[in-house]
Amino acid sequence: MPTHASVAQLHVADQLLTLLRDTATEPRPDVQLDALTLAVAADLPVLLWGEPGIGKTAALTQLAAALDLPLTTVIASVHEPSDFAGLPIVGDDPAEQGVPMAPPDWAVRMVREGRGLLFLDELSTAPPAVQAALLRLVLERRVGSLRLPPEVRIVAAANPRSSAADGWELSAPLANRFVHLTWTHDHEVVVRGLGGTWPTATLPRLDPERLPAAVDFARRAVCGLLAARPGLVHRLPTTEAQRGGPWPSPRSWEMTLRLIAFATAAEASREALSELVRGTVGDGPGLELLAGIDRMDLPDPEALLADPAAAALPERGDLRQAVLDGVVAAVRRRPERERWDAAWALLVRALETGAPDLVVVPATTLATLRREDWDVPESIERLAGVVSLSRRADRAAARVATAGRVGR
Amino acid sequence: MTGETLDLDKLYAARLHAARVRPYLATALFALRVVESRRVPTMAVDQHWRVYASPAFVAATPEEELAGVWVHEVSHLLRDHHGRGDRVARERGLTGRAERLRINIAADCEINDDLFGDGLVRPEGAVQPALLGLRDGELMEDYLRQFRLGPRTQSLAWLECGSGADGLERPWDLGPDGAHGLSAEERDAVRFRVARGISGRPGNAPRGWRRWADEVFHPPQPWRRLLGAAVRSAVSGAGAGDDHTYGRPARRAAGVPGVLLPGLRRRPPRVSVVIDTSGSVSDTELGSALLEVAAIGRALGGRRDLVRVLPCDAAAPAVHQLCRAESIPLVGGGGTDLRTGFARALGTAPRPDVVVVLTDGQTSWPERRPPCRTVIGLFPRQPPARAWDDDEPPYRQDPPPPWARTVSIGTGPSR
């Protein structure tokens, strides 16, 4: 018999639980959350890799709230293939009507709602037959005879092999359909979160004005790389370490293209884009693509030569040197008096706004491009400091050489 | 403290010299941003690729030595000593300033053993492994296990390469929000470009740098874990082990009339392990291979009767039931032909579901795919292939066949 007192105590317990559940969110720069929301916005299936218990589910709950989508969690490992492929139901006359594949209740609910966030948890511990059934769900959005509406977004989670005690690993075809994001816990986020405040997941704000430019940029970035490096188009993972992870294929490059377009239109951070690109085609090809994008971001040598007075050179030394090298290479390609003078003006500008040692190599190369009838421009006087710097380095090299000979 | 100002020209002349003698590091050297600081003893870096320089130190040090310091400091950053230092401190519970000093010293040992010479002068007081009585060519993590702070390191107590070398924030650090720092993504991009430069022209760089370039974005994986995963996935694939099948209805089908549910059947897989006992495989490697055999046996649920071991050289002599791993007689020593091993493994009844081969790869392989899953544990005799560079396919003699899953055993340092 429940006494009045015990009922009252349960009521108090409920109040305490409600207080504990009462958490707030705060905007906070969070690269992995940005990458996740961007991929979800781009309607690409995401796979979160992370140790158990580091808040993947909490992040998904936040994301669903931010997107205002009902969250459906399906633990893949406790399901059977039929739960995703549909259950065959024998009717009155199978020969006449066929055997329909009945979808599970959660899929029916999602179709009825017309939208939602489907979270497939513990994907890596699902047996191979379940993974095979999931392939169709992730790729075609089909569950049995049902088709999930386009407004349904799919996110999956898996434990890395190191922590999956009895895990199967992801098959290469299934792995190739996901954007792989590594989910690590940020100490501060966890502490703030336990204190009651989680970071807000905000949908990327896509600027309608930027859409065509974003598509153009993404196409140039991906096609530029693949035209130069055909070997990167398709490469099945060969080493054991890369199995079950992202790898380049025409499909994953298409996903990359979409992600670049979304990141560009949303003006997402380069960090988030890096996570996404490397998580889609793998580290090596991804880094090559990002290096290519870096080069696209650099000012065009021809534009700089056309108007050296207005040139804005990058602040970072290595990028600045790449630009100056590009300018000298452009002059070498088409050596004309005006271009040569413009290049000197650019070098002077570089000297006045940054470290002088960067200018030495381009200046030396540019000097060798002089034609007999070209007069040395006056501005070259201002490069005297560079020459003395170069001499100073020469002298240091000579001292090293002498010391080496003496020492021997 | 004297009131002199930082001689930037001297510092830049030194950087120019460094970039000329180490062209493959030029990108990284130029990416560094100089910050004048009177609080650092010499020169130090932070993890955002800023280099803090003491005016007095720069004034007192000749250009050629400063060039060595430049290369030394940028090496800390390229090799991610702050990230690795943080990780190792967390893993091994190393706390306090003294432990960070130890990390800094170990990191210096990793860098300095092949950094100087060839146009670059060793700065006075640079730590070498020999100074601590250690061998060259090891990693910071390994050095860290091999020495303590004591009389030998007394003279190094002033050593200070900054948070970029050991991961501990310094009072002078400008932090992530300070001016002109590199973001994590930019740091990766610089490291990637340097690594590509080294891999593209490996002749110019010393061995340590080539190894770094090969591994920087593909650190060696713990092979036990990979072998375990490969074997596990082989035994659990379709046709072996436990998986769902419509071959037999599920027991819970009784509760849902009219619905056909697949059943989950468990048939423990049979595994045959072929061990290459030819002369070219060392005893140590065979020992570790045997340990793996025992581990695979346990992974299959302790049913040792399902694991068969076949020592194999030119004439695979006998088939052993795995009763006790230590007692398997591994005779042999001649040339290997693993094809006989495969034939023996597949010829015995009942036929195995999975064949695991442990070999150094100096062998002929079956021409056709055997009718079961195959996992090859390979003791490599050549440096590992670069995974992402298809410009120069690595040279390898008779690689393992593509139908097998291959795990390299015992490669690379343990991290």
Checklist entry - Out of the stretch A:183-228, which residues are exposed (fewer than 15 other Cβ atoms within 10 Å of the Cβ), in contact (Cβ under 8 Å) with a residue 60 or more places away in the chain and of a type in the set (A, V, I, L, M)? => result A:Val190, A:Leu203
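Mind counting the residues in the stretch A:303-313 that are surrounded by 18 or more Cβ atoms within 10 Å (Cβ to Cβ) and either of a type in the set (Ser, Thr, Tyr) or in a loop (DSSP other than H, G, I, E, B) (or both)?
Quick first cut of the stretch A:303-313, residues surrounded by 18 or more Cβ atoms within 10 Å (Cβ to Cβ) only: A:304-305, A:308, A:311, A:313.
Then drop every residue that is not either of a type in the set (Ser, Thr, Tyr) or in a loop (DSSP other than H, G, I, E, B) (or both), which leaves A:311, A:313.
The qualifying residues number 2.
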Item to check | Considering residues of the stretch A:356-393 that are under 43 Å from the mean Cα position of the chain (by Cα) and outside any helix (DSSP H, G or I) only, the residue farthest from the other protein chains (Cβ to nearest Cβ) | outcome: A:Leu369
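This table checks each residue for (1) within 12 Å of chain A (Cβ to nearest Cβ); (2) not in a loop (DSSP other than H, G, I, E, B).
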residue	(1), (2)
B:Ala26	yes, yes
B:Phe30	yes, yes
B:Val35	no, yes
B:Pro41	no, no
B:Ala44	no, yes
B:Gln47	no, no
B:Val51	yes, yes
B:Phe57	no, yes
B:Glu64	yes, yes
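Among the residues of the stretch A:352-385, which ones are basic (Lys, Arg) and either at pLDDT 85 or above or in contact with a strand residue (DSSP E or B) (Cβ under 8 Å, 6 or more places away or on another chain) (or both)? Even if it seems obvious, please write down each step before you answer.
Our first condition is that a residue be basic (Lys, Arg); within the stretch A:352-385, this holds for A:370-371, A:382.
Result: A:Arg370, A:Arg371.
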Checklist entry - For the stretch A:318-357, what are the residues that are touching a residue at least 40 places away in the same chain (Cβ under 8 Å) and over 20 Å from A:Glu302 (Cα atoms)? => result A:Thr353, A:Gly354
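Quick check, is B:Asp86 modelled with pLDDT of 85 or more, more than 22 Å from B:Ser37 (Cα to Cα) and within 14 Å of another protein chain (Cβ to nearest Cβ)?
Details: modelled with pLDDT of 85 or more: yes; more than 22 Å from B:Ser37 (Cα to Cα): yes; within 14 Å of another protein chain (Cβ to nearest Cβ): yes.
The answer is yes for B:Asp86.
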Next on the checklist: Every residue in the stretch A:89-145 that is within 16 Å of A:Ala156 (Cα to Cα), of a type in the set (Gly, Ala, Ser) and surrounded by fewer than 17 Cβ atoms within 10 Å (Cβ to Cβ), please.
Outcome noted: none
Checklist entry - If A:Asp341 passes every condition in (1) assigned to a helix (DSSP H, G or I); (2) among the charged types (D, E, K, R); (3) within 13 Å of another protein chain (Cβ to nearest Cβ) but one, which one does it miss? => result (3)
Next on the checklist: Looking at (1) part of a helix (DSSP H, G or I); (2) under 20 Å from the mean Cα position of the chain (by Cα); (3) of a type in the set (A, V, I, L, M); (4) modelled with pLDDT under 95, which one does A:Val191 not meet, given that it meets all the others?
Outcome noted: (2)
Next on the checklist: Among the residues in the stretch A:138-158, are any at pLDDT below 85, part of a helix (DSSP H, G or I), more than 23 Å from the chain's Cα centre (by Cα) and not polar (S, T, N, Q)?
Outcome noted: yes
Checklist entry - Checking B:Glu4 against (1) crowded, with 22+ Cβ neighbours inside 10 Å; (2) more than 8 Å from chain A (Cβ to nearest Cβ); (3) of a type outside the set (A, V, I, L, M), which single condition isn't satisfied? => result (1)
Checklist entry - When you look at A:Thr353, is it among the hydroxyl-bearing types (Ser, Thr, Tyr), within 14 Å of chain B (Cβ to nearest Cβ) and within 23 Å of B:Phe30 (Cβ to Cβ), yes or no? => result yes
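Tell me which residues, restricted to the stretch B:149-186, are assigned to a helix (DSSP H, G or I) and at positive phi.
Step one: list which residues in the stretch B:149-186 are assigned to a helix (DSSP H, G or I), which gives B:151-156, B:163-166, B:184-186.
The answer is none; no residue qualifies.
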Item to check | For A:Ala76: the one exception among (1) away from chain B (no Cβ under 14 Å); (2) crowded, with 16+ Cβ neighbours inside 10 Å | outcome: (1)
Next on the checklist: Which count do you get for residues in the stretch B:66-95 that are free of Cβ contacts under 8 Å to residues at least 60 places away in the same chain and not in a helix (DSSP H, G or I)?
Outcome noted: 3
Checklist entry - For the stretch A:115-137, which residues satisfy the criterion of being polar (S, T, N, Q) and either over 24 Å from A:Glu254 (Cα atoms) or assigned to a strand (DSSP E or B) (or both)? => result A:Ser124, A:Thr125
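Would you check if B:Ala98 is within 14 Å of chain A (Cβ to nearest Cβ) and not in a loop (DSSP other than H, G, I, E, B)?
On the way: within 14 Å of chain A (Cβ to nearest Cβ): no; not in a loop (DSSP other than H, G, I, E, B): yes.
It is false that B:Ala98 is within 14 Å of chain A (Cβ to nearest Cβ) and not in a loop (DSSP other than H, G, I, E, B).
Residue by residue, here is whether (1) of a type outside the set (Phe, Trp, Tyr); (2) surrounded by fewer than 23 Cβ atoms within 10 Å (Cβ to Cβ); (3) within 14 Å of another protein chain (Cβ to nearest Cβ) holds:
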position	(1), (2), (3)
A:Thr238	yes, yes, yes
A:Gly244	yes, no, yes
A:Glu267	yes, yes, no
A:Arg278	yes, no, yes
A:Asp283	yes, yes, yes
A:Asp297	yes, yes, yes
Next on the checklist: Can you tell me which condition A:Asn176 does not meet? The list is (1) away from chain B (no Cβ under 14 Å); (2) surrounded by fewer than 14 Cβ atoms within 10 Å (Cβ to Cβ), and all the others hold.
Outcome noted: (2)
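Could you say whether any residue in the stretch B:241-253 is hydrophobic (A, V, I, L, M, F, W, C), over 30 Å from B:Val356 (Cβ atoms) and modelled with pLDDT under 75?
Just the residues of the stretch B:241-253 that are hydrophobic (A, V, I, L, M, F, W, C), to begin with: B:250, B:253.
Adding the requirement that they be over 30 Å from B:Val356 (Cβ atoms) leaves B:250, B:253.
Of the ones still in play, those that are also modelled with pLDDT under 75 are B:250, B:253.
Yes: the stretch B:241-253 contains one or more residues that are hydrophobic (A, V, I, L, M, F, W, C), over 30 Å from B:Val356 (Cβ atoms) and modelled with pLDDT under 75.
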Checklist entry - Is it fair to say A:Val323 is of a type in the set (A, V, I, L, M, F, W, C), farther than 30 Å from B:Val121 by Cβ and within 14 Å of another protein chain (Cβ to nearest Cβ)? => result yes
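The values are calculated or read from the model by the stated rules, or taken from the named source; none is laboratory data. Computed from a prediction, not measured in an experiment: that's the story for all the values here. No Cβ is skipped: glycine too gets one built from the backbone with ideal geometry, and neighbour counts run over all protein chains shown.
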